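*Asks:* Handing you this structure, nothing more for now.
The values are calculated or read from the model by the stated rules, or taken from the named source; none is laboratory data. Being a predicted model, the structure only gives us computed values, none of them experimental. No Cβ is skipped: glycine too gets one built from the backbone with ideal geometry, and neighbour counts run over all protein chains shown. Heads up: the accessible areas ignore ligands, DNA and RNA and are worked out on the full protein's heavy atoms, side chains in. Shrake-Rupley method; radii C 1.70, N 1.55, O 1.52, S 1.80 Å.
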Amino acid sequence: MSVEFDRKIKSTLADANLQLAIYTATARLKDKRIENVADDILPDYQELRTHANALKKHAIENLDHYLEEFERNVEAHGGKVIYCKDGTEVSDFVLGLAKERGAHLIVKSKSMTTEEIDLNERLEHHGLESVETDLGEYILQLAHERPYHIVAPALHMTRYDVADIFTKHLNVPNEVVIEKQTAIARSVLREKFLAADIGISGANFLVADSGAVVIVENEGNARLTTSAPKIHIAIAGIEKVIPRAQDLATFLKLLARSATGQPLSVYTSFLSGPRRAGEVDGPDEFYVVLLDNGRTKLLPDRSKRQSLYCIRCGACLNTCPVYRKIGGHSFPWVYSGPIGAIITPQFMGTSHEPGLPFASSLCGACGEVCPVKIDIPKVLLELRSDVKKAEAREKHGRIEKLAFGIFAWMMTHPRIYEMAGKIAAAMAPSDGGWIRTLPAPFNIGPVAAWLSQRDLPPPPAKSFRDMWRQR
Amino acid sequence: MSREHILHRVRTAIGRSAGQPVADPPPVRLRIPDVPLAIRISIMLSRIEVLAGKAMRSDDPLAVVAAAIEGKTAIASNAPFLRELGITTLPGVRTCITDRAELRDLCATCDVGITSADYALADTGSLVLLSSPQEARMISLLPPAHIAIVPKERILTGLDELFTVLPDPASQTSSMVLITGPSRTADIEQILVRGVHGPGQITVIIV
Amino acid sequence: MAKRVSLFVTCMVDQLFPKVGIAMASVLERLGYQIDFPEDQTCCGQPAFNSGYRGEARTVARHFLKTFANSEAIVVPSGSCTSMIVHHFADLFAKDPATLARVHEMEKRVFEFSTFLTEVARVEDVGAHLDDIVTFHDGCHALRELGVKTAPRRLLSHVRGLELREMQPAEECCGFGGTFSVKFPELSGAMARTKIDAIVGTGARTVVSLDPSCLMQIQGVLSRAGSPIRTMHLAEVLASR
């Protein structure tokens, strides 16, 4: 793994306050999820997962068809679809539109897709003001930090951190009461909503048969973002498309429960086109940006393409024993947790962070909770194989490759395996107790790594096969 | 244009050609439980209470609303139903606004927004509001309190029934919103705070 | 007709925890099984597979298929090794239809130990006696890939003198994960210590599992912490009289 990855993991593990914050926040989310998908509350939970997986599989395997259907229906309802291959094209579109309309102020609701392309930075670089309106994202924007978690972006911050951030950036007296902090944000952001020229949102689902964008939230900031300004731009990855509005009956039952344990989040918006004739409010212009940004790289592999089924609920993060220790900022890209571990190497290439697919004990808890049944451990294992194949091609990691070559040879030559076992047992200290330290030259590599955290078992006097032979 | 480029990449990756027909998607899955109206109402009422909203049945919604908005300013939607109930002529209530800017300014300053609802979902305690000339978006969004008056026949069992009676919301409206309780966040230390951007108080009167 | 089983003890039991293999054999013999131990056995190949070396894993897997070609039933004192054989050998040979057919055929004959007892031998009371307060650690492969949850608990419930207490939180990874434990040692150690907290919280004196690798991780951390809590493999508990 890279030095950076190693360093970030170690420093997060060493920060006791952060460990407690991550662990308790994820525990809450995990427990609420479990409560709300229990047999007596959602008896058809497993069936819904199977159906959701089948719907996503079908949509991805026929993606071009559904994108085109989506586009036709957006246009039929008075909206417009723009396909963008990367962040530059997205910002070019937004900047171009803003210029044409004389727009200066943009309000944004939460969208991991826009984090992926650093949209705010690009827009601000060109003189637009783009304000995050989700409370957690707003705090992060002021602090110039990345989200810590897909659903709970400021999970790592305390009320004291928030108080300092608000005092520093908003020039308000230091306020540590959470309700009052929320009220401060509400009042600042309300002004922005009402003055904004453009509202930019993400989309949880793109509904092909309706040309509609579905947005799921608790605060109301996405509703305001998409209803108050005269222009609404929804930015979403191409993989978000689902075939029919009726499929939402399946997906919506899974999304909020998996994310926060709520049966439904407070607001579920189904938006299609600008306001219709006679409607009193709503935007005059409605755009949907369909973003590739590398998603087409994940499509060809028939097994790994299931990574694109993700509905960004965050359940895998909350249940992952690794995420719950190393937190969101240890990950090399905007997406963290198990889903981040499988999509990052596919978007960025395995050499971006070769250690990432290995930063997992393969416990399988993630796959068990994924509402769309992505087999995350399977994809991790395939990525591990990809990393090693790339290393072999580039002639890195030759020692490890050699070690496993020897392993395979030894394990197919039983007498050699036996002998190797006897030699190792003979060399190790044998007072019968578990081994705390070993002298040089043994305390290197994997042995040293093991011993840094725990004792080693004492080699037994006889192996099983010796004992068996002597029965 | 990126459209052709992206669609081409997609097709190449999944092995399809332009215009190639698509096999049927997995069948739609809608399971509507058989729940009598009286039970739907009682489930709805208890779900809203769990969400820290207020909910009640009433034969005299006018009196309930009058008491709730006493001494406050309110904006009522243009739903004829509200006019028929006499709500739009209560003191402090503005209504019949058809100008977007005027409506927005009122919603931003009023204490209470009053709407009807197109449907309600019993199992989640949700209101379903479709934007229309009768029902504007901002009324249930900007004021810090929201009162919704719902005819009991509109209470459905849940999402499955909603998408059965309304399989194509886009044909009717630019905005359908499911409202499930008061606005909330737990973004800071996972501590729950209500009324972040949307209304912090929600009252549902079933008639 | 005699009931026959072959033992696949796993490389870890063979070299580090032989008493687990002896215990498993003694329980099976007590139940009337004739046991053989194909001497050519070594490893299931999981370390190579999990580390991304599929070619090397295939080599070892082929050796397994050959060694156990004539075994009617193969009993394994490890959830992760069993899962490697019954779930992941198929991944290794997806492009080799002839071997894949042999793999699918082999999958039917390989059993994790507690599953073998409850579903093939159809016993839950093996006549064991152990005065102890224990907690059971569910190894992740057994739990999630093999669906093993109640079998070990049913077996333990019939052990005279034994009190079983459940951990809270339950079903969390011990942090071993094969080479993960040495590639990410601090992280692996942190996960293990969280598991130890849950164990200590039960007041149990012994941790029982059906996976030797989990036991090695847990015992290693307990020992480092100077804890008197000990670990035992399920087979050792069931062999106790």
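*Asks:* Any chance you could list the semi-axes, whole Å, largest first, of the equivalent ellipsoid that the Cα gyration tensor gives for the protein assembly as shown, using √(5λ)?
*Replies:* 56, 29, 26
*Asks:* State the antiparallel share, in %, of DSSP beta bridges confined to chain A, rounding to the nearest 5.
*Replies:* Expressed as a percentage, antiparallel bridges in chain A total about 25.
*Asks:* Next question, about the same structure. Taking Cα atoms, how many degrees apart are the long axis of helix A:398-411 and the longest axis of chain A, rounded to 10 and kept between 0 and 90?
*Replies:* Computed tilt is about 50 degrees.
*Asks:* Using R₀ = 25 Å, calculate the FRET efficiency as 1/(1 + (r/R₀)^6) where r is the Cβ-Cβ separation of A:HIS396 and A:ASN443; round to 0.05.
*Replies:* According to the calculation, E is roughly 0.50.
*Asks:* Another question about this same structure. What angle, in degrees between 0 and 90 and rounded to the nearest 10, separates the Cα long axis of helix A:87-101 from the longest principal axis of the Cα atoms of chain A?
*Replies:* 10 degrees
*Asks:* Next question. If you place +1 on the Cβ of every Lys and Arg and -1 on the Cβ of every Asp and Glu, how big does the dipole about the Cα centre of chain C come out, in debye to the nearest 20?
*Replies:* 80 debye
*Asks:* Quick one: length gained pulling C:ARG154 to C:ASP36 fully straight, 0.36 nm per residue minus the C-alpha distance?
*Replies:* In short, 39.8 nm is gained.
*Asks:* Normalising by the residue count of segment A:41-293, find the relative contact order in percent from Cα pairs under 8 Å and 6+ residues apart.
*Replies:* 28 percent
*Asks:* Just need the relative contact order of chain A here, percent rounded to a whole number, with Cα pairs under 8 Å and 6+ apart.
*Replies:* After rounding, I find 19 percent.
*Asks:* So what's the gap between the Cα centers of segment A:212-280 and segment C:77-136, to the nearest angstrom?
*Replies:* Segment A:212-280 and segment C:77-136 have Cα centres separated by 46 Å.
*Asks:* Another question, then. Give the distance, in whole Å, between the Cα centre of segment A:1-70 and the Cα centre of segment B:113-179.
*Replies:* 29 Å
*Asks:* Assigning unit charges at the beta carbon (Lys, Arg +1; Asp, Glu -1) and nothing else, what dipole magnitude in debye, to the nearest 20, does segment A:331-406 show about its Cα centre?
*Replies:* Taking the Cα centre of segment A:331-406 as origin, the dipole is about 260 debye.
*Asks:* Then there is this: I need the calculated FRET efficiency for the pair A:GLU191 and A:ASN17, taking r as the beta carbon distance and R₀ as 22 Å, to the nearest 0.05.
*Replies:* Efficiency, from the Cβ-Cβ distance: 0.05.
*Asks:* State, to one decimal in nm, how far the label point of A:HIS169 lies from the label point of A:ARG72, with both points 7 Å from Cα in the Cβ direction.
*Replies:* Roughly 4.5 nm, to one decimal.
*Asks:* Further question on the same structure: Enter the angle in degrees (range 0 to 90, nearest 10) between the Cα long axis of helix A:337-348 and the first principal axis of the Cα atoms of chain A, meaning the one along which they spread out most.
*Replies:* 80 degrees
*Asks:* Now for a different question. Can you give the calculated 222 nm mean residue ellipticity of chain A, where each DSSP H run of n ≥ 4 adds -39,500 (n - 2.57) and the sum is split over every residue, rounded to the nearest 500 deg cm²/dmol?
*Replies:* Using -39500 (n - 2.57) per qualifying helix, the result is -15500 deg cm²/dmol.
*Asks:* Chain pair B, A: how much accessible area is buried, both chains summed, with a 1.4 Å probe, in Å² to 100?
*Replies:* 7400 Å²
*Asks:* Roughly speaking, what is the stretch gain from A:ALA183 to A:GLU145, that is 0.36 nm per residue apart minus the C-alpha to C-alpha distance, in nm to one decimal?
*Replies:* Full extension of this stretch gives 11.5 nm more.
*Asks:* Where in segment B:191-207 is the amide nitrogen less than 12 Å from a point lying 7 Å along the Cα-to-Cβ axis of A:THR24?
*Replies:* B:191
*Asks:* In whole Å, what are the extents of segment B:86-146 along the principal axes defined by its C-alpha atoms, from largest to smallest?
*Replies:* 35, 23, 21
*Asks:* When a/c reaches 1.5 or more, the comparison of a/b and b/c decides; with that in mind, is segment A:41-293 rounded, prolate or oblate per its Cα gyration tensor?
*Replies:* Oblate shape, in that a/c is at least 1.5 and b/c is the bigger or equal ratio.
*Asks:* Quick test of your reading: applying the under-4.7 Å Cβ rule, which cysteines of chain A are isolated?
*Replies:* For chain A, the answer is A:CYS84, A:CYS310, A:CYS313, A:CYS320, A:CYS370, because their Cβ atoms have no other cysteine Cβ under 4.7 Å.
*Asks:* For segment A:41-293, with the dipole built from +1 on Lys and Arg beta-carbon atoms and -1 on Asp and Glu ones, taken about the Cα centre, which of A:SER187, A:VAL107, A:TYR148 lies farthest toward the positive end?
*Replies:* Value: A:SER187.
*Asks:* Moving on. What lysines does A:LYS10 reach when the alpha-carbon gap must be under 20 Å and sequence neighbours fewer than 8 apart in one chain are set aside?
*Replies:* Counting by Cα, and skipping residues close in sequence, A:LYS10 has these lysines nearby: A:LYS325, C:LYS183, C:LYS195.
*Asks:* For peptide A:223-233, compute the average count of partner chain beta-carbon atoms within 10 Å of each residue's beta-carbon.
*Replies:* 4
*Asks:* On to the next question. What is the spin-label model distance, in nm, from A:ASP466 to A:ARG101 if the labels are put 7 Å beyond Cα along the C-beta direction?
*Replies:* 8.0 nm
*Asks:* Counting only heavy atoms of the protein chains, get the accessible area per residue of chain A (1.4 Å probe) and round it to a whole Å² value.
*Replies:* 36 Å²
*Asks:* Taking each residue in C:166-179, count the Cβ atoms of any other chain within 10 Å of its Cβ, then average. What number comes out?
*Replies:* Average per residue, whole number: 4.
*Asks:* If you place +1 on the Cβ of every Lys and Arg, -1 on the Cβ of every Asp and Glu, and leave all else neutral, what size is the dipole of chain B about its Cα centre, to the nearest 20 Debye?
*Replies:* 500 debye
*Asks:* Roughly how crowded by other chains is peptide A:444-456, in terms of the mean Cβ count from those chains within 10 Å of each of its Cβ atoms?
*Replies:* Across the residues of A:444-456, the mean count of other-chain Cβ atoms within 10 Å is 6.
*Asks:* Which of the aspartates and glutamates could a cross-linker bridge to A:LYS401, judged by Cα under 12 Å and excluding same-chain residues fewer than eight apart?
*Replies:* Leaving aside aspartates and glutamates fewer than 8 places away in the same chain, those within reach of A:LYS401 are A:GLU391, C:GLU56.
*Asks:* Below 8 Å, C-alpha to C-alpha, sequence gap of six or more: please give me the relative contact order for chain C in percent.
*Replies:* Once divided by the residue count of chain C, the mean separation gives 21 percent.
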